[in-house]
Amino acid sequence: MIEPTQGPGDTRVFGLVDVDTVRGHRGAFLVLGVVLVVLGGLAILLPFGASLVTAFVLGCLMIVAGLFQGYHALQNRRWGGSVWALVGAVLYVAAGALVVAFPVTGTLTLTLVLAAFLVASGILKIIRAVQHRQMPAWGWLLFDGLISLALGVLLWVGWPSTAAWALGVLVGIDLIASGSSVLLIGYGARPAIRASA
């Protein structure tokens, strides 16, 4: 059976990521990683404020993170992981919008939304890690996915007692892990140093 040829704008959902494509947009990966790490740090610091303000601001942080990730995926459509990055971005924006729209419903509901989001995000990151298995830092992306998945399961199993502390801390950890994995993918795609003759 002959495989269909791949055009310049096509991406294969489960294909390996081309290192040269990542290398060509290395700066975008590094910027996205820094933004996610900073937003994660802010999310961890916010739970000490009022619960309503915290929920609203956390929702906004998730939306901003999703918009950055979606913009990055659209700007780098030739990157093999762009489809899953776009799906992850939609999840970030949708979960953040739910948190912003319903902050008064209480932390119990928000915690369940967050648990579902982290589980789905973890699964998507694991799929993306498999796509990046030829990259030097692909193991970190896999670790990132496993962290998101474990945090979601931990939140779900410990509910409702986890609702008191979970929102900011877990979103922050997830964003920092995501940012770190993107930074390492971008750093790992640096051009090879050529030895002088």
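Each reported figure results from applying straightforward, stated rules to the coordinates on display, with no laboratory input. Because the structure is predicted, anything quoted here is derived from the model rather than measured. All Cβ positions, even for glycine, are placed from backbone atoms using ideal geometry, and neighbour counts span all protein chains on display.
A few remarks follow.
- Overall form of the range 85-158: oblate. Here a/c, set by the Cα gyration tensor axes a ≥ b ≥ c, is 1.5 or more, and a/b is not larger than b/c.
- Label-point gap, in nm, between Leu42 and Arg190 - each point 7 angstrom along Cα→Cβ: 2.8
- Length added when fully stretched, Phe102-Ile123, from 0.36 nm per residue minus Cα-Cα: 5.0 nm
- The range 19-188 shape via C-alpha gyration tensor axes, a/c threshold 1.5: prolate
- This ranking places Thr21, Thr111, Thr162 by how few other beta-carbon atoms lie within 10 Å of each, fewest first, which gives Thr21, Thr162, Thr111.
- For the range 88-101, putting each phi into the Karplus relation 6.51 cos²θ - 1.76 cosθ + 1.60 with θ = phi - 60° gives couplings of x, 5, 4, 4, 4, 5, 5, 5, x, 5, 4, 5, 5, 6 Hz, in residue order, rounded to whole numbers and with x for Gly and Pro.
- Sequence ranges 112-125, 176-189, ranked by mean other-Cβ count within 10 angstrom, highest first: 176-189, 112-125
- What the phi angles of the range 61-66 give under the Karplus curve with 6.51, -1.76 and 1.60, with θ = phi - 60°, is a coupling list of 4, 5, 5, 4, 4, x Hz, glycine and proline written as x.
- At full extension, Val31 and Val130 could sit 33.4 nm farther apart than now, given 0.36 nm per residue minus the alpha carbon distance.
- Estimated inter-spin distance, Leu74 and Ala116, nm [label 7 Å along Cα→Cβ]: 2.6
- Of the peptides 23-33, 90-100, the order by per-residue mean of other Cβ atoms within 10 Å, starting with the highest, comes out as 90-100, 23-33.
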